[in-house]
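Asker: Quick one: the structure is below, questions incoming.
Read the figures in this text as sums done on the coordinates, not as results from a lab. Just so we're clear, the structure is a prediction, and the values are computed from it rather than from any experiment. So basically every Cβ, Gly included, is an ideal-geometry build from the backbone, and we count neighbours across all protein chains shown.
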Amino acid sequence: MLRTTLLGLLAASAAAVATVAMAGATLAQTAQDTAPAANAQDAASGQDSGARQVTIWRDPGCGCCDTYADYLERNGYEVTRIDDRDFDKTSISVGVPEQGLGCHLTKLGGYFVSGLVPVEILERVVAETPDITGITLPGMPRNAPGMAPEKYGTLRTYAFGPDGISLYSDE
């Protein structure tokens, strides 16, 4: 009898823990899902949440994303890192073209930035305030910050938004 009662309590406890874990995961996913959507609204309305503050949605196992975040911090940015194994889907949901995906998604001053974009280009976007949703440096170029200690050579960055995709920078 005692053994049956203990087994029943253990099963009930395990079920409760699983329910709490699932609820926590659902809340975390909901927060993750709504954050970029809220940011998309900020971008659309032109609100600037602070040009020196950035948020990065990244795969938690990606070392180059951490290296890139460290690069931004060395250049005076305050970086919030959000683990998001589906950052590619998050990126597409805020307007990054599928063929333009970088290795993470960044929110900076009302713009979305996909990939390892150099600081000079980030600062130009914020200063110029073009009528775009954001910019992207597709893929993981070996000469980009995060892959190399500093940018070297030419990197081609594209703008994207309601008017489509265009070359933003080729430097």
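Asker: Which percentage, to the nearest 5, of the DSSP beta bridges contained in the stretch 46-128 is antiparallel? Before the final figure, lay out the partial values.
Answerer: Numbers: 9 of 15 bridges.
Counting only bridges with both partners in the stretch 46-128, antiparallel ones make up about 60 percent.
Asker: Could you tell me which trypsin sites (Lys or Arg not before Pro) in the stretch 123-171 are loop residues by DSSP with no more than 16 other beta carbons within 10 angstrom of their beta carbon? If you can, show how the numbers build up before the last one.
Answerer: On the way: sites: Arg124, Arg142, Lys151, Arg156; in loops: Arg142, Lys151.
Loop-located and lightly packed - Arg142.
Asker: Here is a further query. With a ≥ b ≥ c taken as the square roots of the eigenvalues of the C-alpha gyration tensor of the stretch 108-171, please select rounded if a/c is under 1.5 and otherwise prolate if a/b is larger than b/c or oblate if it is not?
Answerer: Prolate, because a/c is 1.5 or more and a/b exceeds b/c.
Asker: Still on this structure: Below 12 angstrom from the Cβ of Ser166, what's the summed charge of the other residues (Lys, Arg +1; Asp, Glu -1)? If you can, show how the numbers build up before the last one.
Answerer: Details: positive: Arg156; negative: Asp131, Asp163, Asp170.
Residues near Ser166 contribute -2 overall.
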